[in-house]
Amino acid sequence: MAVGVQDCTWANVSGNTLVSGGQGVGFGPQCGNALILNNNFANTTYRGIGLGAFGGSLQSVTILNNVLGQGSTYHVQLPVANSFGWFLYKNQYLNAATNSVPPFLDPISSAVHISN
């Protein structure tokens, strides 16, 4: 994991490159807000952005200008209850073969806002 966040009010994750690893950013419990900007998480083996191993929470997040790998699961995993506060803008989503694909979210029926 490139960045693990837990028990925070505000997190800024910017300008990171994950050379290899399971997840780009993982959020644990009791997290409030985040800005994830200009990161390259194309080489994830598990997922680009998601919840920690024992669950997690994040009320609102703006994910902007990132390269997100899908790994073996999803590009972005988000909590169902707060997914309306998640915004994905101008990101590139890659599958395991590094082909550009539409975002693959967990849960698929989330209320996340997406704009490219």
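The values are calculated or read from the model by the stated rules, or taken from the named source; none is laboratory data. Keep in mind it's a predicted model, so treat the numbers as computed, not measured. Cβ: placed from backbone, ideal geometry, glycine included. Neighbour counts: every protein chain shown.
Observations
- Pairing each residue of region 14-37 that is surrounded by 18 or more Cβ atoms within 10 Å (Cβ to Cβ) with any residue that is in a strand (DSSP E or B) and polar (S, T, N, Q), provided the two are 6+ apart or on different chains, yields C-beta distances under 6 Å for Gln23/Thr44; Gly24/Thr44.
- Pairs, first over 9 Å from Leu78 (Cα atoms) in region 101-116, second of a type in the set (Gly, Ala, Ser) and not in a loop (DSSP other than H, G, I, E, B), C-beta under 7 Å, six or more apart: Ala111/Ser83
- If you go through region 83-106 and keep only what is part of a strand (DSSP E or B) and not acidic (Asp, Glu), you end up with Trp86, Phe87, Leu88, Tyr89, Gln92, Tyr93, Leu94, Ser100, Leu105.
- Of all residues in region 45-54, exactly one satisfies the criterion of being part of a loop (DSSP other than H, G, I, E, B) and touching a residue at least 40 places away in the same chain (Cβ under 8 Å), namely Gly52.
- Given (1) out of contact with any Lys or Arg (no Cβ under 9 Å at 6 or more places or on another chain); (2) surrounded by 20 or more Cβ atoms within 10 Å (Cβ to Cβ); (3) not basic (Lys, Arg), number of the condition Gly69 does not satisfy: (1)
- Top-ranked residue in region 29-42 [being of a type outside the set (Gly, Ala, Ser) and at pLDDT 95 or above; ranked as farthest from Ser14 (Cα to Cα)]: Phe41
- When region 11-44 is filtered for residues that are out of contact with any Asp or Glu (no Cβ under 9 Å at 6 or more places or on another chain), polar (S, T, N, Q) and assigned to a loop (DSSP other than H, G, I, E, B), the ones remaining, listed by number, are Asn16, Ser20, Asn38, Asn39, Asn43.
- Pairs are defined by a Cβ separation below 9 Å, a sequence spacing of at least 6 or placement on different chains, a first member in region 55-79 that is closer than 14 Å to Leu35 by Cα, and a second member that is assigned to a loop (DSSP other than H, G, I, E, B) and charged (D, E, K, R); the pairs so defined are Leu64/Lys90; Asn65/Lys90; Asn66/Lys90.
- Listed by first and then second residue, the pairs with beta-carbon distance under 7 Å, at least 6 apart or on different chains, first residue in region 1-12 and closer than 17 Å to Ala53 by Cβ, second surrounded by fewer than 18 Cβ atoms within 10 Å (Cβ to Cβ) and modelled with pLDDT of 95 or more, are Ala2/Asn16; Val3/Asn16.
- Asn66 of a type outside the set (D, E, K, R), over 10 Å from the mean Cα position of the chain (by Cα) and under 26 Å from Asn99 (Cβ atoms): no
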